[in-house]
Amino acid sequence: MVRNIGLILCILLVAYPLHAAQNDIDGLRIWPSPASTRVVLDLDAAPEFTYFTLSNPHRLVIDLSNTRRDTDLSVAQDMGELVKRVRYSTPKTNKDARIVVELSRKADPTLFAMTPTAPYGHRLVIDLLDSNPPAPAPIVIDQSSNNRDRDIIIAIDAGHGGEDPGSIGPSGSYEKHITLSIAKKLEAMINNERGMRAIMTRTADYYISPNRRPEIAREKKADLFISVHADAFTQPEPRGGSVWVLSMRRADTELGRWMEKTERHSELLGGAAEVISDKSSELYLAETILGLSMDHSMATSFDLSNEVISELKQITRMHKRTPQAASLAVLTSPDIPSILVEVGFISNPEEEKNLNWSKHRERLAQSIFTATKRYFKQVPPDGTLWASERATNRTHKVQSGESLSLLAQRYNVAVSRIKEANNLNSDVVRIGQVLTIPST
Ligand SMILES: [Zn+2]
(Lines give C-alpha, C1' and ligand atoms only; values in the text may rest on other atoms or scores of the structure.)
Protein backbone atom coordinates (compact mmCIF):
# COMPACT_ATOMS: atom_id res chain seq x y z
CA MET A 1 0.00 0.00 0.00
CA VAL A 2 2.63 2.43 1.11
CA ARG A 3 4.73 1.57 -1.90
CA ASN A 4 1.76 2.20 -4.19
CA ILE A 5 1.13 5.65 -2.77
CA GLY A 6 4.81 6.39 -3.33
CA LEU A 7 4.44 5.39 -6.95
CA ILE A 8 1.39 7.61 -7.42
CA LEU A 9 3.18 10.55 -5.83
CA CYS A 10 6.12 9.92 -8.10
CA ILE A 11 3.85 10.03 -11.20
CA LEU A 12 2.20 13.20 -9.92
CA LEU A 13 5.57 14.84 -9.43
CA VAL A 14 6.65 13.97 -12.96
CA ALA A 15 3.39 15.21 -14.43
CA TYR A 16 3.21 18.30 -12.24
CA PRO A 17 5.72 20.60 -14.04
CA LEU A 18 3.64 20.46 -17.24
CA HIS A 19 0.73 22.02 -15.41
CA ALA A 20 2.67 23.99 -12.87
CA ALA A 21 2.06 27.54 -14.07
CA GLN A 22 -1.45 28.64 -14.76
CA ASN A 23 -1.70 30.48 -18.05
CA ASP A 24 -3.46 33.83 -18.11
CA ILE A 25 -5.44 35.48 -20.86
CA ASP A 26 -4.25 39.09 -21.03
CA GLY A 27 -6.54 40.35 -23.73
CA LEU A 28 -8.44 39.81 -26.92
CA ARG A 29 -8.01 41.55 -30.25
CA ILE A 30 -10.07 41.15 -33.39
CA TRP A 31 -8.86 42.17 -36.87
CA PRO A 32 -11.57 42.00 -39.51
CA SER A 33 -10.54 41.99 -43.18
CA PRO A 34 -12.70 41.57 -46.29
CA ALA A 35 -12.18 37.81 -46.70
CA SER A 36 -11.28 36.65 -43.21
CA THR A 37 -11.13 37.72 -39.59
CA ARG A 38 -8.22 37.22 -37.23
CA VAL A 39 -8.96 36.77 -33.53
CA VAL A 40 -5.94 37.01 -31.23
CA LEU A 41 -5.79 35.96 -27.60
CA ASP A 42 -2.85 37.48 -25.77
CA LEU A 43 -1.48 35.07 -23.19
CA ASP A 44 1.18 34.91 -20.49
CA ALA A 45 2.63 31.63 -21.77
CA ALA A 46 2.44 29.37 -24.83
CA PRO A 47 -1.10 27.95 -25.00
CA GLU A 48 -2.06 24.27 -24.93
CA PHE A 49 -5.31 24.08 -26.83
CA THR A 50 -7.85 21.97 -28.69
CA TYR A 51 -10.85 23.17 -30.67
CA PHE A 52 -13.94 22.09 -32.56
CA THR A 53 -16.75 23.77 -34.48
CA LEU A 54 -20.52 23.64 -34.03
CA SER A 55 -23.32 24.74 -36.33
CA ASN A 56 -26.85 26.05 -35.69
CA PRO A 57 -25.72 28.62 -34.77
CA HIS A 58 -22.14 28.54 -36.09
CA ARG A 59 -19.55 28.58 -33.31
CA LEU A 60 -15.89 27.81 -32.74
CA VAL A 61 -15.12 26.31 -29.34
CA ILE A 62 -11.56 26.47 -27.99
CA ASP A 63 -10.37 24.65 -24.88
CA LEU A 64 -7.27 26.11 -23.25
CA SER A 65 -5.76 23.81 -20.64
CA ASN A 66 -4.77 25.18 -17.31
CA THR A 67 -5.85 28.72 -18.06
CA ARG A 68 -7.55 31.24 -15.81
CA ARG A 69 -10.74 32.79 -17.17
CA ASP A 70 -10.98 36.11 -15.35
CA THR A 71 -10.17 38.50 -18.23
CA ASP A 72 -13.05 40.33 -19.81
CA LEU A 73 -13.59 39.14 -23.39
CA SER A 74 -15.64 42.08 -24.61
CA VAL A 75 -13.98 44.03 -27.43
CA ALA A 76 -14.33 47.74 -27.94
CA GLN A 77 -12.89 47.91 -31.44
CA ASP A 78 -14.70 47.21 -34.73
CA MET A 79 -15.13 43.41 -34.91
CA GLY A 80 -16.40 43.25 -38.46
CA GLU A 81 -19.38 41.16 -39.49
CA LEU A 82 -18.15 37.58 -39.16
CA VAL A 83 -17.55 37.42 -35.40
CA LYS A 84 -20.59 38.29 -33.32
CA ARG A 85 -19.21 37.74 -29.85
CA VAL A 86 -16.45 35.99 -27.92
CA ARG A 87 -17.40 34.55 -24.51
CA TYR A 88 -16.51 31.95 -21.91
CA SER A 89 -18.40 28.70 -21.52
CA THR A 90 -18.25 25.91 -18.92
CA PRO A 91 -14.85 24.18 -19.28
CA LYS A 92 -14.18 20.44 -19.13
CA THR A 93 -12.34 20.82 -15.83
CA ASN A 94 -12.20 23.64 -13.38
CA LYS A 95 -8.60 24.51 -14.27
CA ASP A 96 -9.27 25.04 -17.96
CA ALA A 97 -10.87 27.82 -19.95
CA ARG A 98 -13.40 27.21 -22.68
CA ILE A 99 -13.86 30.06 -25.13
CA VAL A 100 -16.70 30.27 -27.62
CA VAL A 101 -16.43 32.44 -30.75
CA GLU A 102 -19.97 33.08 -31.97
CA LEU A 103 -20.09 33.45 -35.75
CA SER A 104 -22.66 35.03 -38.00
CA ARG A 105 -22.02 32.36 -40.66
CA LYS A 106 -19.83 29.35 -41.37
CA ALA A 107 -16.09 30.02 -41.28
CA ASP A 108 -13.04 27.78 -41.71
CA PRO A 109 -10.79 28.12 -38.64
CA THR A 110 -6.99 27.86 -38.55
CA LEU A 111 -5.44 28.07 -35.08
CA PHE A 112 -1.80 28.44 -34.20
CA ALA A 113 0.33 29.69 -31.33
CA MET A 114 2.77 32.56 -31.85
CA THR A 115 5.86 33.16 -29.76
CA PRO A 116 6.61 36.68 -28.48
CA THR A 117 7.69 39.30 -31.05
CA ALA A 118 7.58 43.01 -30.23
CA PRO A 119 5.16 44.51 -29.35
CA TYR A 120 3.27 41.29 -28.53
CA GLY A 121 3.84 38.39 -26.15
CA HIS A 122 2.55 34.80 -26.45
CA ARG A 123 -0.54 34.57 -28.61
CA LEU A 124 -3.13 32.14 -29.83
CA VAL A 125 -4.06 33.25 -33.34
CA ILE A 126 -7.39 32.18 -34.79
CA ASP A 127 -7.85 32.88 -38.50
CA LEU A 128 -11.45 32.53 -39.63
CA LEU A 129 -11.87 32.24 -43.39
CA ASP A 130 -15.27 33.64 -44.25
CA SER A 131 -17.46 31.13 -46.19
CA ASN A 132 -19.50 33.93 -47.70
CA PRO A 133 -17.60 37.23 -47.58
CA PRO A 134 -19.51 40.37 -48.54
CA ALA A 135 -18.98 41.20 -52.21
CA PRO A 136 -16.41 43.96 -52.69
CA ALA A 137 -17.60 47.25 -54.10
CA PRO A 138 -18.05 46.70 -57.83
CA ILE A 139 -15.07 47.87 -59.84
CA VAL A 140 -15.39 47.84 -63.60
CA ILE A 141 -11.99 46.78 -64.89
CA ASP A 142 -12.82 46.20 -68.54
CA GLN A 143 -14.30 49.36 -69.95
CA SER A 144 -13.98 48.29 -73.60
CA SER A 145 -17.69 47.50 -73.67
CA ASN A 146 -18.35 51.17 -72.92
CA ASN A 147 -16.25 52.17 -75.92
CA ARG A 148 -13.91 54.01 -73.62
CA ASP A 149 -10.24 53.25 -73.35
CA ARG A 150 -9.35 51.73 -70.02
CA ASP A 151 -7.78 53.42 -67.01
CA ILE A 152 -4.20 52.79 -65.95
CA ILE A 153 -4.53 50.69 -62.81
CA ILE A 154 -2.16 51.34 -59.94
CA ALA A 155 -2.11 48.80 -57.11
CA ILE A 156 -1.12 50.51 -53.85
CA ASP A 157 0.20 48.29 -51.12
CA ALA A 158 0.28 49.75 -47.61
CA GLY A 159 3.01 47.75 -45.86
CA HIS A 160 2.20 45.49 -42.87
CA GLY A 161 -1.13 45.72 -41.01
CA GLY A 162 -3.15 44.07 -38.28
CA GLU A 163 -1.09 41.65 -36.22
CA ASP A 164 2.05 42.81 -38.05
CA PRO A 165 2.87 46.39 -36.93
CA GLY A 166 6.00 46.66 -39.08
CA SER A 167 8.77 48.71 -37.50
CA ILE A 168 8.08 50.73 -34.37
CA GLY A 169 9.53 54.19 -33.89
CA PRO A 170 11.33 55.37 -30.72
CA SER A 171 8.22 57.23 -29.57
CA GLY A 172 5.94 54.31 -30.37
CA SER A 173 4.65 55.04 -33.91
CA TYR A 174 3.67 51.96 -35.89
CA GLU A 175 4.86 51.67 -39.48
CA LYS A 176 1.55 50.00 -40.46
CA HIS A 177 -0.43 53.17 -39.62
CA ILE A 178 1.95 55.48 -41.49
CA THR A 179 1.99 53.29 -44.62
CA LEU A 180 -1.82 53.06 -44.70
CA SER A 181 -2.19 56.83 -44.33
CA ILE A 182 0.21 57.54 -47.22
CA ALA A 183 -1.43 54.81 -49.32
CA LYS A 184 -4.88 56.36 -48.81
CA LYS A 185 -3.65 59.82 -49.77
CA LEU A 186 -2.03 58.38 -52.89
CA GLU A 187 -5.23 56.48 -53.68
CA ALA A 188 -7.26 59.71 -53.55
CA MET A 189 -4.82 61.53 -55.85
CA ILE A 190 -4.85 58.72 -58.42
CA ASN A 191 -8.63 58.37 -58.39
CA ASN A 192 -8.91 62.10 -58.92
CA GLU A 193 -6.88 61.84 -62.13
CA ARG A 194 -8.76 61.14 -65.35
CA GLY A 195 -7.39 57.95 -66.93
CA MET A 196 -5.89 56.49 -63.74
CA ARG A 197 -7.44 54.30 -61.05
CA ALA A 198 -6.13 52.96 -57.77
CA ILE A 199 -6.78 49.65 -56.08
CA MET A 200 -5.60 48.92 -52.54
CA THR A 201 -4.17 45.62 -51.28
CA ARG A 202 -5.52 46.53 -47.85
CA THR A 203 -7.98 49.25 -46.90
CA ALA A 204 -7.82 49.08 -43.11
CA ASP A 205 -5.78 47.68 -40.24
CA TYR A 206 -5.61 43.95 -40.98
CA TYR A 207 -2.96 41.41 -41.92
CA ILE A 208 -2.26 40.22 -45.48
CA SER A 209 0.66 37.92 -46.24
CA PRO A 210 3.43 39.41 -48.41
CA ASN A 211 2.78 36.81 -51.11
CA ARG A 212 -0.92 37.62 -51.29
CA ARG A 213 -0.28 41.31 -52.00
CA PRO A 214 1.07 41.01 -55.57
CA GLU A 215 -1.65 38.42 -56.25
CA ILE A 216 -4.30 41.04 -55.52
CA ALA A 217 -2.59 43.35 -58.01
CA ARG A 218 -2.61 40.59 -60.61
CA GLU A 219 -6.28 39.76 -60.04
CA LYS A 220 -7.16 43.42 -60.62
CA LYS A 221 -4.95 43.53 -63.73
CA ALA A 222 -2.77 46.29 -62.33
CA ASP A 223 -0.27 48.08 -64.58
CA LEU A 224 1.92 48.92 -61.61
CA PHE A 225 2.39 47.75 -58.03
CA ILE A 226 3.64 50.27 -55.46
CA SER A 227 4.43 49.06 -51.97
CA VAL A 228 4.80 51.75 -49.29
CA HIS A 229 7.04 51.14 -46.27
CA ALA A 230 9.08 52.99 -43.67
CA ASP A 231 12.61 51.83 -42.95
CA ALA A 232 14.15 51.02 -39.58
CA PHE A 233 17.56 50.31 -38.12
CA THR A 234 18.90 49.33 -34.73
CA GLN A 235 20.71 52.68 -34.45
CA PRO A 236 18.83 56.00 -34.54
CA GLU A 237 21.17 57.73 -37.05
CA PRO A 238 20.23 56.30 -40.48
CA ARG A 239 17.69 58.45 -42.29
CA GLY A 240 16.16 59.14 -45.66
CA GLY A 241 14.05 57.48 -48.30
CA SER A 242 14.91 54.80 -50.86
CA VAL A 243 13.23 52.98 -53.72
CA TRP A 244 13.55 49.25 -54.32
CA VAL A 245 12.98 47.02 -57.32
CA LEU A 246 13.02 43.26 -57.82
CA SER A 247 16.57 41.97 -58.08
CA MET A 248 17.53 40.13 -61.26
CA ARG A 249 18.58 37.06 -59.29
CA ARG A 250 15.28 36.94 -57.42
CA ALA A 251 13.44 37.54 -60.69
CA ASP A 252 15.15 34.52 -62.27
CA THR A 253 14.28 32.41 -59.24
CA GLU A 254 10.68 33.58 -59.32
CA LEU A 255 10.46 32.87 -63.02
CA GLY A 256 11.73 29.34 -62.40
CA ARG A 257 9.29 28.87 -59.53
CA TRP A 258 6.43 30.08 -61.68
CA MET A 259 7.38 27.77 -64.53
CA GLU A 260 7.05 24.83 -62.15
CA LYS A 261 3.50 25.79 -61.30
CA THR A 262 1.88 24.71 -64.54
CA GLU A 263 -1.59 25.78 -63.51
CA ARG A 264 -0.39 29.36 -63.58
CA HIS A 265 0.62 29.33 -67.23
CA SER A 266 -2.80 30.02 -68.67
CA GLU A 267 -3.35 32.77 -66.12
CA LEU A 268 -0.10 34.46 -67.13
CA LEU A 269 -0.45 33.89 -70.85
CA GLY A 270 -3.98 35.20 -70.99
CA GLY A 271 -5.73 34.45 -74.28
CA ALA A 272 -2.59 32.97 -75.83
CA ALA A 273 -2.94 29.82 -73.72
CA GLU A 274 -6.20 28.84 -75.38
CA VAL A 275 -4.73 28.48 -78.85
CA ILE A 276 -1.92 26.23 -77.66
CA SER A 277 -3.08 22.66 -77.51
CA ASP A 278 0.34 21.05 -77.35
CA LYS A 279 1.32 21.02 -73.70
CA SER A 280 5.03 20.55 -74.34
CA SER A 281 5.30 23.66 -76.49
CA GLU A 282 3.17 25.59 -73.99
CA LEU A 283 5.91 25.38 -71.39
CA TYR A 284 8.48 26.73 -73.81
CA LEU A 285 6.16 29.48 -75.05
CA ALA A 286 5.17 30.45 -71.54
CA GLU A 287 8.82 30.77 -70.63
CA THR A 288 9.50 32.99 -73.65
CA ILE A 289 6.51 35.25 -73.09
CA LEU A 290 7.15 35.46 -69.36
CA GLY A 291 10.77 36.31 -70.05
CA LEU A 292 9.77 39.16 -72.33
CA SER A 293 7.18 40.41 -69.90
CA MET A 294 9.74 40.24 -67.11
CA ASP A 295 12.28 42.27 -69.10
CA HIS A 296 9.62 44.88 -69.76
CA SER A 297 8.39 45.06 -66.18
CA MET A 298 11.89 45.26 -64.76
CA ALA A 299 12.85 48.07 -67.14
CA THR A 300 9.63 49.90 -66.21
CA SER A 301 10.26 49.39 -62.50
CA PHE A 302 13.76 50.77 -62.82
CA ASP A 303 12.75 53.85 -64.88
CA LEU A 304 9.85 54.59 -62.59
CA SER A 305 12.07 54.26 -59.51
CA ASN A 306 14.32 56.97 -60.92
CA GLU A 307 11.28 59.22 -61.43
CA VAL A 308 10.12 58.61 -57.85
CA ILE A 309 13.60 59.32 -56.49
CA SER A 310 13.81 62.61 -58.40
CA GLU A 311 10.52 63.71 -56.79
CA LEU A 312 11.19 62.32 -53.32
CA LYS A 313 14.57 64.02 -53.00
CA GLN A 314 12.87 67.40 -53.27
CA ILE A 315 10.94 66.83 -50.06
CA THR A 316 13.05 64.42 -48.04
CA ARG A 317 16.63 63.37 -47.59
CA MET A 318 17.50 60.21 -49.54
CA HIS A 319 19.19 57.21 -47.93
CA LYS A 320 19.98 55.85 -51.41
CA ARG A 321 19.99 58.03 -54.53
CA THR A 322 19.69 55.18 -57.04
CA PRO A 323 17.13 52.36 -57.26
CA GLN A 324 18.09 49.43 -55.07
CA ALA A 325 17.66 45.83 -56.18
CA ALA A 326 16.21 43.60 -53.50
CA SER A 327 14.92 40.16 -52.87
CA LEU A 328 11.75 41.10 -51.02
CA ALA A 329 8.62 39.03 -50.61
CA VAL A 330 6.26 41.67 -52.03
CA LEU A 331 8.47 42.24 -55.08
CA THR A 332 7.94 38.84 -56.63
CA SER A 333 5.95 39.66 -59.75
CA PRO A 334 8.00 39.14 -62.88
CA ASP A 335 4.94 40.24 -64.90
CA ILE A 336 3.83 43.47 -63.16
CA PRO A 337 6.21 46.44 -62.81
CA SER A 338 6.70 46.70 -59.06
CA ILE A 339 8.47 49.14 -56.79
CA LEU A 340 8.81 49.46 -53.05
CA VAL A 341 9.17 52.95 -51.58
CA GLU A 342 10.76 53.35 -48.17
CA VAL A 343 9.53 56.82 -47.23
CA GLY A 344 12.05 57.37 -44.43
CA PHE A 345 13.44 55.84 -41.26
CA ILE A 346 10.86 55.47 -38.52
CA SER A 347 13.76 54.52 -36.21
CA ASN A 348 15.21 58.03 -36.65
CA PRO A 349 13.49 60.30 -34.06
CA GLU A 350 13.29 63.30 -36.39
CA GLU A 351 11.96 61.31 -39.31
CA GLU A 352 9.48 59.54 -37.05
CA LYS A 353 8.17 62.98 -36.10
CA ASN A 354 7.91 63.95 -39.79
CA LEU A 355 6.14 60.72 -40.67
CA ASN A 356 3.57 61.46 -37.99
CA TRP A 357 2.88 64.81 -39.60
CA SER A 358 -0.04 64.61 -42.02
CA LYS A 359 1.33 67.36 -44.27
CA HIS A 360 4.58 65.44 -44.72
CA ARG A 361 2.72 62.23 -45.58
CA GLU A 362 0.69 64.25 -48.09
CA ARG A 363 3.92 65.45 -49.72
CA LEU A 364 5.31 61.91 -49.85
CA ALA A 365 2.12 60.67 -51.53
CA GLN A 366 2.21 63.65 -53.89
CA SER A 367 5.78 62.92 -54.98
CA ILE A 368 4.99 59.25 -55.70
CA PHE A 369 1.87 60.37 -57.60
CA THR A 370 3.67 63.04 -59.67
CA ALA A 371 6.42 60.60 -60.65
CA THR A 372 3.96 57.87 -61.61
CA LYS A 373 1.79 60.26 -63.62
CA ARG A 374 4.77 61.71 -65.45
CA TYR A 375 6.08 58.25 -66.27
CA PHE A 376 2.80 56.94 -67.66
CA LYS A 377 2.13 60.15 -69.62
CA GLN A 378 5.36 59.37 -71.48
CA VAL A 379 4.83 55.61 -71.84
CA PRO A 380 1.14 54.83 -71.38
CA PRO A 381 0.26 51.10 -71.44
CA ASP A 382 -1.51 49.85 -74.58
CA GLY A 383 -5.27 50.15 -74.63
CA THR A 384 -5.43 52.94 -72.06
CA LEU A 385 -7.07 56.33 -72.40
CA TRP A 386 -3.67 57.98 -72.10
CA ALA A 387 -2.28 55.79 -74.90
CA SER A 388 -5.04 56.81 -77.30
CA GLU A 389 -4.75 60.47 -76.28
CA ARG A 390 -1.05 60.37 -76.89
CA ALA A 391 -1.64 58.85 -80.33
CA THR A 392 -3.97 61.68 -81.35
CA ASN A 393 -2.04 64.49 -79.66
CA ARG A 394 0.13 66.89 -81.64
CA THR A 395 3.32 68.49 -80.47
CA HIS A 396 4.38 72.10 -80.78
CA LYS A 397 7.84 73.61 -80.36
CA VAL A 398 7.52 76.97 -78.63
CA GLN A 399 8.77 79.92 -80.75
CA SER A 400 9.81 83.36 -79.58
CA GLY A 401 6.79 85.48 -78.61
CA GLU A 402 4.40 82.54 -78.13
CA SER A 403 2.44 82.11 -74.92
CA LEU A 404 0.18 79.39 -73.61
CA SER A 405 -2.94 81.45 -74.26
CA LEU A 406 -1.84 82.11 -77.84
CA LEU A 407 -1.28 78.38 -78.44
CA ALA A 408 -4.59 77.55 -76.81
CA GLN A 409 -6.32 79.91 -79.21
CA ARG A 410 -4.50 78.61 -82.25
CA TYR A 411 -5.20 74.93 -81.51
CA ASN A 412 -8.67 75.62 -80.14
CA VAL A 413 -8.09 73.90 -76.81
CA ALA A 414 -8.25 75.18 -73.22
CA VAL A 415 -5.07 76.48 -71.55
CA SER A 416 -5.82 74.16 -68.63
CA ARG A 417 -5.79 71.11 -70.92
CA ILE A 418 -2.37 72.05 -72.34
CA LYS A 419 -1.05 72.53 -68.82
CA GLU A 420 -2.50 69.21 -67.73
CA ALA A 421 -1.10 67.34 -70.73
CA ASN A 422 2.38 68.73 -70.04
CA ASN A 423 2.32 68.68 -66.27
CA LEU A 424 2.86 72.45 -66.12
CA ASN A 425 2.38 74.24 -62.81
CA SER A 426 2.57 77.76 -64.23
CA ASP A 427 1.75 79.60 -67.46
CA VAL A 428 5.42 80.16 -68.26
CA VAL A 429 6.83 78.36 -71.30
CA ARG A 430 10.40 78.41 -72.63
CA ILE A 431 11.45 79.00 -76.21
CA GLY A 432 12.28 75.63 -77.75
CA GLN A 433 10.13 73.70 -75.25
CA VAL A 434 8.18 70.88 -76.96
CA LEU A 435 4.58 70.84 -75.78
CA THR A 436 1.98 68.14 -76.23
CA ILE A 437 -1.20 69.68 -77.62
CA PRO A 438 -4.18 67.59 -76.57
CA SER A 439 -6.91 66.98 -79.14
CA THR A 440 -9.70 68.29 -76.89
ZN1 LIG B 1 8.02 47.69 -43.76
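The values are calculated or read from the model by the stated rules, or taken from the named source; none is laboratory data. Given the structure is predicted, the values throughout are model-derived calculations rather than measurements. Cβ sites come from the backbone with ideal geometry, for glycine too, and all protein chains shown count toward neighbours. Quick note on the areas: whole protein, heavy atoms, side chains included, nothing else; ligands and nucleic acids left out. Shrake-Rupley method; radii C 1.70, N 1.55, O 1.52, S 1.80 Å.
An oblate overall shape is assigned to the stretch 25-130, the ratio a/c of its alpha-carbon gyration tensor axes (a ≥ b ≥ c) being 1.5 or greater and a/b not exceeding b/c.
Evaluate the relative contact order of the stretch 68-126 (contact order divided by residue number), counting alpha-carbon pairs under 8 angstrom at least 6 apart; express in whole percent. Each step should come with its number before you reach the end.
Numbers: 68 pairs, mean separation 14.2, N = 59.
Over the stretch 68-126, the number comes to 24 percent.
Take the Cα of Ser171, step 7 Å toward its Cβ, do the same at Thr322, and the gap between the two points is 3.6 nm.
Evaluated at q = 0.12, 0.15, 0.21, 0.23 Å⁻¹, the base-10 log of the normalised Debye intensity for the stretch 366-440, with identical point scatterers placed on the Cα atoms, takes the values -0.34, -0.52, -0.96, -1.10. Label-to-label distance for Met114 and Ala46 is 1.7 nm, based on points extended 7 Å past Cα in the beta-carbon direction. Holding the Cα-Cα limit at 26 Å, pick out from Lys184/Lys221; Lys106/Lys221; Lys221/Lys359; Lys359/Lys397 the pairs that are longer than that. Cα-Cα > 26 Å for Lys106/Lys221; Lys221/Lys359; Lys359/Lys397; rest within. Length gained on full extension, Asp24 to Lys313, computed as 0.36 nm times the residue gap minus the Cα-Cα distance: 99.1 nm. Among the protein heavy atoms, those of Trp31 account for about 30 Å² of accessible surface (1.4 Å probe, every chain in place). Could you tell me how far the Cα centroid of the stretch 336-401 sits from the Cα centroid of the stretch 80-136, in Å? Spelled out, the Cα-based centre of one part sits 42 Å from the other.
Suppose the chain between Gln366 and Glu102 were pulled fully straight at 0.36 nm per residue; how much longer would it get relative to their current alpha carbon spacing?
Working: separation 264, 0.36 × 264 = 95.04 nm, distance 4.37 nm.
Length gained between Gln366 and Glu102: 90.7 nm.
For the stretch 394-436, carbon and sulfur atoms together expose 47% of the accessible surface, with a 1.4 angstrom probe and every protein chain in place. Stretching Lys397 away from Asp70 to a fully extended chain increases their span by 110.0 nm, per 0.36 nm per residue minus the current alpha-carbon distance.
At R0 = 41 Å, how high is the FRET efficiency between Lys95 and Leu129 if r is their beta carbon distance? Nearest 0.05 is fine. For R0 = 41 Å, the calculated efficiency reads 0.85.
Remark: spin-label model distance Ser358-Asn191 equals 1.8 nm, labels positioned 7 Å along the Cα→Cβ axis.
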